[in-house]
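The values are calculated or read from the model by the stated rules, or taken from the named source; none is laboratory data. These numbers come from a predicted model, not from an experiment. Backbone-built Cβ (ideal geometry, glycine too); neighbour counts: all protein chains shown. The area values use the complete protein model at the heavy-atom level, side chains included, leaving out ligands, DNA and RNA. Shrake-Rupley method; radii C 1.70, N 1.55, O 1.52, S 1.80 Å.
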Amino acid sequence: MRLLASIAVKHLLARKRQSLVSLLGIILGVAFFLTISSLMQGSEKDFIRRLIDNMPHIFVTDTYRNPSLQPVERLYNGNGAIEVRSVKPVTETRGIRGYEQIVDYLRSLPGVEASPVLAGQGVLSFAGKNTAVSLDGMIPEDIQGVVTIQDYMVSGSISDLIANPNGIVLGEEMIRTFSLDRGDNITVTAPTGQVRTFKILGVFRTGRSDYDLNHGFVSLKRMQALMDRPHRANTIIVKLPDPYRASAIAADLEGRIGYKSISWQESSEDLMSTLAIRNIIMYSVVSAVLIVAAFGIYNVISTVVMEKHRDIAILKSMGFLARDIQRIFVIQGLILGIVGSLLGLPLGSALMYALMQVELKPPGSAQTIVMPLDWGWLQFAIASGFALSAALMAAFLPARKGARVQPVNILRGGV
Amino acid sequence: MSEIVIRTEHLTRRLSGEVPVTLVEDAGLEIRRGEFVVITGPSGSGKSSLLYLLGLLDTPTRGTLWMNGENVSAYSEDKLAELRLSELGFVFQFHFLLPEFSALENVMLPMKRLGRMSDEQIRTRAASLLRELGLEEQQHKRPHQLSGGQSQRVAIARALANDPLLILADEPTGNLDSASSENVENILKELAHRHHRAVAVVTHETRFASAADRVIKIVDGRIQG
């Protein structure tokens, strides 16, 4: 193999300018492939990280994926002689039954945190003004382990609800719209007709204006009383040590407790498929750069094969095998691919580093953001792997043609 | 009587096509160790085609070919290539040296491919072959820096690299001046007579025929006499 490699190197060095041009194509191809791929992967990872951080990993809801069978259906399984129509399920208080036990079970799993929530709607009234508000009744000690609301507090704390169970935490937009202040009392009327007065103990700002205008947090016990649903929660929020296991754990949990358990992957399915499509488009575009570069290699090796018919004939007459000849030209492609990758990866890294220095300020945002780039080894491996494959494929066809040269035909011609 | 290096029986080569062409017809011959054989004939008579068949570069349409007593007619491409590498040496009208390699590297190539010696031994043998052929000063020169006669002597050194049984030369002096031609002719003759190798030379030149142990004349693809 060393001998074949030395012949391959000599062939490439004999055509320095052509080899250099095709090498440059591979270098630029690898560099752009790496930069764009790591930018796209980085932004995807950043997006998913924000998604995972800002939303619970699993929601356990108070509904069932498949409605439960009525007793008559369970008994006769549709084979009865009499059909009973318009059967109404028994009216019962909505919510997850025995949520405390489910939460205890979830907490018994290593690293898992869970918090029950009773979510509902109410009408907030202050100084003669009313507005609809979504309220989350929760246990302040538990909720902080599963959602990031504490990070968005601009005044007060969720923990203040422990000391004062009649307190409420509202969004900054709501506070501004109603000209409220921390410490003010507001009234909330529930659909059940229950009316409660809450003292504003904290204010949050998430940056999502809808959420900051319409959302509030109260203690679970007060919410249960307000909604007239004692000992009920309608959601259990779960945070996992490994968010990527959410789908499996949600399915297992649903099998155990029956309540619909939705993983973050399931609830973001449309976003995930959009990301997958975006990746396909991105890899197609970036691959095109390397495919063009591969044509450069094809061109160089085809030319070498054509020019070297006489040398191929003499090598074969000497006793070189057809596969030796093929290897000589495949090695040439491999050399261009390897050297192109070795030089393209540092160039790509430099481009990535340069991009990282760019700071952008999105309109309406006070924060500056930097380009999210993925420096993972996989990006480097994909870029160099693709370049090598493209170079090998580009070299293979002319190499095969070279291996098929019949020495007699060339020797007869004497050229 | 010396051992037979190569023997053929009814060796025939036809090119198929709309008008089939017979290059060699029913050729039967044998060449022995130490024999200097010259194959002559008019242009297009099939001399080179016969040489390519003897050199296992072309496959006969019919007939049998024995090398060293072994029937090689049904050998695979790979086995034939192995035989070419270890038992045969070629010298062509055009030297066909690889232009990117020096004279020394060109001679080293077949030995490296055979892989029976260390790099150092290969280098020493290649240098010694070039020295024997009077090319000591030229061993690091590339083919374009050599004269026609020098290039042809490098090609002979390369043909001798793996110490072959049979050396086949196709118009080896066809492109050389008379002094170089004589030099090449003497080398080939010496290889047969002093080094006991079988040498078969295809040539137009009458001088070769007069120096040969045996002359094989070929007309219209058939061996005469």
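Values for this structure:
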quantity	calculated
Every residue from segment A:119-172 that is outside any helix (DSSP H, G or I), under 23 Å from A:Pro230 (Cβ atoms) and among the charged types (D, E, K, R)	A:Asp136
Count of residues meeting criterion [without any contact (Cβ under 8 Å) to a residue 40 or more places away in the chain and either part of a strand (DSSP E or B) or among the hydroxyl-bearing types (Ser, Thr, Tyr) (or both)] in segment A:201-214	1
Neighbours by Cβ (under 9 Å, 6+ apart or cross-chain): first from segment B:191-217, at positive phi; second not charged (D, E, K, R)	B:His196/B:Ser2; B:His196/B:Gly34
Filtered residues of segment B:194-214 (kept if surrounded by fewer than 18 Cβ atoms within 10 Å (Cβ to Cβ) and either modelled with pLDDT of 85 or more or closer than 19 Å to B:Leu88 by Cβ (or both))	B:His195, B:His196, B:Asp213, B:Arg214
So A:Leu12, is it open to solvent by less than 70 Å² (accessible area, probe 1.4 Å), in contact (Cβ under 8 Å) with a residue 12 or more places away in the chain and assigned to a helix (DSSP H, G or I)	yes
Complete set of residues in segment A:80-114 that are under 19 Å from A:Ala225 (Cβ atoms) and modelled with pLDDT of 75 or more	A:Arg94, A:Gly95, A:Ile96, A:Arg97, A:Tyr99, A:Glu100
Residue under evaluation A:Ala383, criteria (1) surrounded by 19 or more Cβ atoms within 10 Å (Cβ to Cβ); (2) modelled with pLDDT of 85 or more; (3) within 14 Å of another protein chain (Cβ to nearest Cβ), criterion not met	(3)
A:Tyr298 vs. criteria over 30 Å from A:Arg2 (Cα atoms) and aromatic (Phe, Trp, Tyr)	no
Residues of segment A:146-190 satisfying the condition of being touching a residue at least 24 places away in the same chain (Cβ under 8 Å) and among the basic types (Lys, Arg)	A:Arg182
Enumeration of residues in segment B:87-100 that are at the interface with chain A (Cβ under 7 Å from one of its Cβ atoms), surrounded by fewer than 23 Cβ atoms within 10 Å (Cβ to Cβ) and farther than 19 Å from A:His11 by Cα	B:Gln93, B:Phe94
Which listed residue, of B:Ala127, B:Ala74, B:Ala81, B:Ala103, is within 17 Å of A:Leu315 (Cα to Cα), away from every other protein chain (no Cβ under 13 Å) and without any contact (Cβ under 8 Å) to a residue 60 or more places away in the chain	B:Ala103
Residues of segment B:44-57 that turn out to be closer than 15 Å to B:Ile218 by Cβ and in contact with a strand residue (DSSP E or B) (Cβ under 7 Å, 6 or more places away or on another chain), as a count	9
Set A:Val154, A:Val147, A:Val133, A:Val123: member being of a type in the set (Val, Ile, Thr) and touching a Gly at 6+ places or on another chain (Cβ under 6 Å)	A:Val133
Selection within segment A:262-298 - within 30 Å of A:Arg65 (Cα to Cα) and free of Cβ contacts under 8 Å to residues at least 12 places away in the same chain	A:Glu269, A:Asp270, A:Met272, A:Ser273, A:Thr274, A:Ala276, A:Ile277
B:Arg113 farther than 20 Å from B:Ala192 by Cβ, within 9 Å of chain A (Cβ to nearest Cβ) and open to solvent by 60 Å² or more (accessible area, probe 1.4 Å)	yes
Considering residues of segment B:76-93 that are touching a strand residue (DSSP E or B) at 6+ places or on another chain (Cβ under 7 Å) and assigned to a loop (DSSP other than H, G, I, E, B) only, the residue nearest to A:Pro407 (Cα to Cα)	B:Phe92
Residues that are more than 27 Å from A:Ile312 (Cβ to Cβ) and out of contact with any Phe, Trp or Tyr (no Cβ under 9 Å at 6 or more places or on another chain), drawn from segment A:1-35	A:Leu24, A:Ile27, A:Leu28, A:Ala31, A:Phe32, A:Thr35
Any helices (runs of 4 or more DSSP H) falling wholly within segment A:227-333 and containing at least 2 residues that are among the β-branched types (Val, Ile, Thr) and open to solvent by less than 70 Å² (accessible area, probe 1.4 Å)	A:246-257, A:269-307, A:309-318
Flag if B:Glu182 is in a helix (DSSP H, G or I), out of contact with any helix residue (DSSP H, G or I) (no Cβ under 7 Å at 6 or more places or on another chain), closer than 28 Å to A:Met1 by Cβ and open to solvent by 30 Å² or more (accessible area, probe 1.4 Å)	no
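For (1) closer than 18 Å to B:Ser73 by Cα; (2) in contact (Cβ under 8 Å) with a residue 60 or more places away in the chain; (3) open to solvent by 60 Å² or more (accessible area, probe 1.4 Å), each residue gets a yes or a no:
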residue	(1), (2), (3)
B:Glu18	no, no, yes
B:Val21	no, no, yes
B:Gly34	no, yes, no
B:Leu50	yes, yes, no
B:Asp58	yes, no, no
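A quick yes/no check of all residues on (1) exposed (fewer than 14 other Cβ atoms within 10 Å of the Cβ); (2) out of contact with any helix residue (DSSP H, G or I) (no Cβ under 9 Å at 6 or more places or on another chain):
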{"residue": "A:Leu124", "(1), (2)": "no, no"}
{"residue": "A:Lys129", "(1), (2)": "yes, no"}
{"residue": "A:Ser157", "(1), (2)": "no, no"}
{"residue": "A:Glu172", "(1), (2)": "no, no"}
{"residue": "A:Phe178", "(1), (2)": "no, yes"}
{"residue": "A:Val188", "(1), (2)": "no, no"}
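Here's the yes/no breakdown for (1) within 14 Å of the chain's Cα centre (by Cα); (2) within 23 Å of B:Arg214 (Cα to Cα); (3) modelled with pLDDT of 90 or more; (4) not in a strand (DSSP E or B):
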{"residue": "B:Pro42", "(1), (2), (3), (4)": "no, yes, no, yes"}
{"residue": "B:Ser45", "(1), (2), (3), (4)": "no, yes, no, yes"}
{"residue": "B:Ala74", "(1), (2), (3), (4)": "no, no, no, yes"}
{"residue": "B:His95", "(1), (2), (3), (4)": "yes, no, no, yes"}
{"residue": "B:Glu105", "(1), (2), (3), (4)": "no, no, yes, yes"}
{"residue": "B:Met108", "(1), (2), (3), (4)": "no, no, yes, yes"}
{"residue": "B:Glu120", "(1), (2), (3), (4)": "no, no, yes, yes"}
{"residue": "B:Ser128", "(1), (2), (3), (4)": "no, no, no, yes"}
{"residue": "B:Arg131", "(1), (2), (3), (4)": "no, no, no, yes"}
